[in-house]
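The values are calculated or read from the model by the stated rules, or taken from the named source; none is laboratory data. Please read these numbers as outputs of a predicted model, since none were measured by experiment. Neighbour counts run over all protein chains shown; Cβ positions are idealised from the backbone, glycine included. Just so you know, the surface numbers come from the protein's heavy atoms only, side chains and all, with ligands and any DNA or RNA stripped out. Shrake-Rupley method; radii C 1.70, N 1.55, O 1.52, S 1.80 Å.
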Amino acid sequence: HIAKLQLVTGEIIHFHIFDGSQMVCVEREKMRTARLTTLTTIEAAPTYCTSVGKVFLAYQDELLVRRIAAGEGLKRRTSNTITNLDRLFEELAVTRARGFAIDDEENEIGLRCIGAPVSDAAGRVFAAVSVSGPAARMPDVRLEGLAPLVMQTAHDISKALA
């Protein structure tokens, strides 16, 4: 599923699972000519400022979100990083409503990502799949076009795991 999404999008694909405090990359499908960045080589990602993390948090209990936010500290990583818990809860509500999360250069300047939730057999979100690319190649209109592909891939992975 990850390799197929990479072929269709031409961008870097990540599959992360939650390890109790952050999102850990367990699968990555790279572009053949990708510029390596912190985001594309990182093995663990914060939850509050990445698409994989925000889409995971969007489907969790409020107490867990508060615990994770307190532990991570909502530190400013870029000028776009959400550092206020109330603002994060607003973002998570938007994420739930549309079914995907966007990292709008919140973790690293110059990179945008779109992530969708992956569920286990009981319907609990435990992981996420994302498409990451340079902001120049990921304007809003492209993110909107990628959203159905990322959500379908997440759904297909969830179905395969069930």
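Observations on the model:
- Carbon + sulfur, % of accessible area of the chain - ligands and nucleic acids excluded, 1.4 Å: 54 percent
- ILE12 long-range amide H proximity, modeled H, under 5 Å: MET31, SER132
- Residues listed by number, segment 100-129, amide nitrogen under 20 Å from VAL94 label point at 7 Å toward C-beta: 100-117, 129
- Euclidean distance of C-alpha centroids, segment 4-21 and segment 109-129, integer Å: 8 Å
- Probe 1.4 Å, accessible area per residue of segment 55-105, Å²: 53 Å²
- Cα-centred dipole magnitude for the chain, charges only on beta-carbon of K, R (+1) and D, E (-1), debye, nearest 20: 260 debye
- The relative contact order of the chain comes to 24 percent, based on Cα pairs under 8 Å that sit 6 or more residues apart.
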